[in-house]
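What follows is a single structure, written as structure tokens, with notes after it.
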Amino acid sequence: MALSFTSLSGSMRGIVNGWLFCTIMLPVTNYRFRKSMGWEVNAALLYQAYIPTVARDIIYGWGRGIMAGVLNSALAPETFTQKAGVFGL
């Protein structure tokens, strides 16, 4: 994860990552969608549906942060391939 170098717990890193991802990527996604549909594009519409989307991404990041810790402690990967496998679960 992007914040693995910090001292934050796994669940807190997940929450921050979920918020950052949504805040940065939602306007890009909305812009591309609106352009592809031929709809009007303005700054206010780029954050359309922000609250439900950021809530979803925070919950997903929180859950992934918790499960990463559980899987790492249960499976104890040592090699790069094993760590990549656990990350992909």
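The values are calculated or read from the model by the stated rules, or taken from the named source; none is laboratory data. Every value quoted in this text rests on a predicted model; they were computed, and no experiment measured them. Positions of Cβ are backbone-derived with ideal geometry, glycine not excepted, and every protein chain shown enters the neighbour counts. Quick note on the areas: whole protein, heavy atoms, side chains included, nothing else; ligands and nucleic acids left out. Shrake-Rupley method; radii C 1.70, N 1.55, O 1.52, S 1.80 Å.
Among the candidates VAL16, VAL28, single out the residue that is β-branched (Val, Ile, Thr) and at pLDDT 90 or above.
Answer to the selection: VAL28.
Cβ-Cβ under 8 Å, sequence separation 6+ or interchain: first residue in the range 62-88 and without any contact (Cβ under 8 Å) to a residue 40 or more places away in the chain and of a type in the set (Val, Ile, Thr), partner open to solvent by 50 Å² or more (accessible area, probe 1.4 Å) and part of a helix (DSSP H, G or I). Which pairs?
These pairs meet every condition: VAL86/ASN72; VAL86/LEU75.
Would you mention how many residues in the range 2-24 are open to solvent by less than 40 Å² (accessible area, probe 1.4 Å) and part of a helix (DSSP H, G or I)?
Here the count works out to 7.
Please list, ordered by residue number, the helices (runs of 4 or more DSSP H) wholly in the range 25-89 having 1 or more residues that are touching a helix residue (DSSP H, G or I) at 6+ places or on another chain (Cβ under 8 Å), under 14 Å from ILE15 (Cα atoms) and open to solvent by less than 70 Å² (accessible area, probe 1.4 Å).
Counting at least 1 such residues, we get 50-75.
Could we say that ASN30 is of a type outside the set (Ser, Thr, Tyr) and over 15 Å from the mean Cα position of the chain (by Cα) here?
The answer is yes for ASN30.
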